[in-house]
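Derivation of every value follows stated rules applied to the coordinates shown; laboratory data play no part. Predicted, not measured: the structure shown is a model, and the values here were computed from it. Cβ atoms come from the backbone with ideal geometry, glycine included; neighbour counts cover every protein chain shown.
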Amino acid sequence: MESQNNLSPVGDLDFGPVVHAREPAGSPSVIVVCEHASCRIPKELRDLGLNADALRSHIAWDPGALPVAQAMARQMSASLIYGGVSRLVYDCNRPPEADDAMPANSEDFAIPGNASLSDADRKARVDEVYKPFCLELAGMLDRHRETLELMVTIHSFTPVYRGQKRTVELGLLHGEDERFALKMLEKAPADLPLKTRLNEPYSARDGVAHTLDVHAKPRGLLNVMIEIRNDLIETPEQQQAIADDLVHWIENTMSAIQSEGARQ
């Protein structure tokens, strides 16, 4: 079952479907979240003053992340929620007071459409993008509170950032709750082909743990943010292969945690 939160226009702006949700047939133990799934910008915002190349680049979304998240959700019979507009319009993994919730600059790109937002402009985006996303996610979490155990958020990152090549290929990130990320690192497969690091290329200090800390931790859910270098998930075959590896790894980690809990 899929739902879309369609919003009425604010003034002459129509943000359209800002959040998508898919529910499995049964009772899920995992929820998969992909905040930066879309590079869509409402037409009234006139592409925020950016050219087509910028709008297709990693500054506008997380390329490859959504197909990986969808494949993982299918394989784990998990709930799935993902964003429907570009993070340049509003980054749903940031609180309203954060400067990069509606960034005036992203990496080396100026974002003209965000350069001089009024308080009313900012409030409209919070009301029309961030709040509906949070409400949909919270509702899904509360509907399945009896069975959910884990939240996984899926992101991708660029292999070259401000001219510097990144050697890490996969990052396991945590916010206030480090349990699952540390256990995943401990249970990394011996034949894992990816260079994996804890809290790279970002960490909670960069503000990236918002969804985990606001939605998962207060509910006692285990949680982890997974960052995948986007040149490794460009094709459907790559996306499926990464999803397969991550699902196997996550399931082994959950089994280890459950086994340890049973022995205590």
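Could you tell me which numbered condition residue 184 fails, if it satisfies all but one of (1) more than 26 Å from residue 101 (Cβ to Cβ); (2) in contact (Cβ under 8 Å) with a residue 40 or more places away in the chain; (3) in a loop (DSSP other than H, G, I, E, B)?
The single condition residue 184 does not satisfy is (3).
Take the conditions without any contact (Cβ under 8 Å) to a residue 40 or more places away in the chain, crowded, with 16+ Cβ neighbours inside 10 Å and in contact with a strand residue (DSSP E or B) (Cβ under 8 Å, 6 or more places away or on another chain) and apply them to residue 211. Does it pass? Talk me through it step by step, then tell me what you get.
Values: without any contact (Cβ under 8 Å) to a residue 40 or more places away in the chain: no; crowded, with 16+ Cβ neighbours inside 10 Å: yes; in contact with a strand residue (DSSP E or B) (Cβ under 8 Å, 6 or more places away or on another chain): yes.
No: the conditions fail for residue 211.
Quick check on region 191-199. Is at least one of its residues touching a residue at least 60 places away in the same chain (Cβ under 8 Å) and either more than 21 Å from residue 98 (Cβ to Cβ) or part of a loop (DSSP other than H, G, I, E, B) (or both)?
Within region 191-199, none of the residues are touching a residue at least 60 places away in the same chain (Cβ under 8 Å) and either more than 21 Å from residue 98 (Cβ to Cβ) or part of a loop (DSSP other than H, G, I, E, B) (or both).
Just for region 158-170: of the residues that are charged (D, E, K, R) and either touching a His at 6+ places or on another chain (Cβ under 8 Å) or in contact (Cβ under 8 Å) with a residue 60 or more places away in the chain (or both), which one is surrounded by the most Cβ atoms within 10 Å (Cβ to Cβ)?
Step one: filter region 158-170 for residues charged (D, E, K, R), giving 162, 165-166, 169.
With either touching a His at 6+ places or on another chain (Cβ under 8 Å) or in contact (Cβ under 8 Å) with a residue 60 or more places away in the chain (or both) added as a condition, the list becomes 166, 169.
On the way: 166: 16, 169: 20.
So the residue we want is 169.
Show me the helices (runs of 4 or more DSSP H) entirely contained within region 44-157 in which 2 or more residues are in contact with a strand residue (DSSP E or B) (Cβ under 7 Å, 6 or more places away or on another chain) and surrounded by 16 or more Cβ atoms within 10 Å (Cβ to Cβ). Step through it out loud before you land on a result.
Numbers: elements: 52-56, 65-76, 119-125, 131-143.
The helices (runs of 4 or more DSSP H) meeting that bar are 65-76, 131-143.
From the residues in region 208-226 that are part of a loop (DSSP other than H, G, I, E, B) and over 13 Å from the mean Cα position of the chain (by Cα), which one is nearest to residue 151 (Cα to Cα)?
Filtering first and then ranking leaves 221.
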